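A quick write-up on the structure given underneath.
What follows draws every value from the coordinates through simple rules; no lab data is involved. What you see is a predicted model; the values in this text were computed from it and never measured. In this analysis, Cβ positions are derived from the backbone assuming ideal geometry, glycine residues included, and neighbour counts consider all displayed protein chains.
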Amino acid sequence: MEEGFKRTNIKGGSAFEDVEGYSRIVKAGPFVFVSGTTSVTPEGSVYGEGDAYEQARYIFNKLVMLLESNGVKREEVVKVNIYTTDTGKNMDITRAYSE
């Protein structure tokens, strides 16, 4: 990294962060990287189990809250990769993303 290019790890509430040294969000200079996020709550349960729309909504809301609380606007997001185990749920996930 070039001189003055600061890296900041931002925790997102996952139990793995302290155990594994995992960071949900990493800011490096002008860039922000967000790791994979699931609908697991801080208590360890799956939010919206069996409902792809509710799970996706939970994930996107969690990410937007974390980004905005760290000075990143949702309009500044350049790329989003979405992975699912059931492509038949794509419309539900897309509806949550569009909101």
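Applying the condition of being of a type in the set (A, V, I, L, M, F, W, C) and in a loop (DSSP other than H, G, I, E, B) to the range 1-51 and asking which residue is surrounded by the most Cβ atoms within 10 Å (Cβ to Cβ) yields Ala15. Criterion applied to Ile93, Ile59 was being of a type outside the set (Lys, Arg) and touching a helix residue (DSSP H, G or I) at 6+ places or on another chain (Cβ under 6 Å), and the one residue passing it is Ile93. Kindly indicate whether any position in the range 15-31 is hydroxyl-bearing (Ser, Thr, Tyr), within 26 Å of Ser98 (Cβ to Cβ) and in contact with a helix residue (DSSP H, G or I) (Cβ under 9 Å, 6 or more places away or on another chain). Scanning the range 15-31, I find no residue that is hydroxyl-bearing (Ser, Thr, Tyr), within 26 Å of Ser98 (Cβ to Cβ) and in contact with a helix residue (DSSP H, G or I) (Cβ under 9 Å, 6 or more places away or on another chain), so the answer is no. Residue pairs whose Cβ atoms lie under 8 Å apart, separated by 6 or more positions or on different chains, with the first residue in the range 65-89 and on the phi < 0 side of the Ramachandran plot and the second surrounded by fewer than 10 Cβ atoms within 10 Å (Cβ to Cβ), are Leu67/Lys73; Tyr83/Gly36. Here Tyr47 meets each of (1) within 17 Å of Ile25 (Cα to Cα); (2) in contact with a Ser or Thr (Cβ under 9 Å, 6 or more places away or on another chain) with one exception, condition (1). Val72 fulfils the conditions (1) part of a loop (DSSP other than H, G, I, E, B); (2) exposed (fewer than 13 other Cβ atoms within 10 Å of the Cβ) except for a single criterion, (2). List every residue pair whose Cβ atoms lie under 6 Å apart, where the two residues are 6 or more positions apart in sequence or sit on different chains, the first residue falls within the range 6-35 and is without any contact (Cβ under 8 Å) to a residue 24 or more places away in the chain, and the second residue, located anywhere, is part of a loop (DSSP other than H, G, I, E, B). Pairs found: Asn9/Ser23; Phe16/Tyr22; Glu17/Lys11; Ser35/Arg24.
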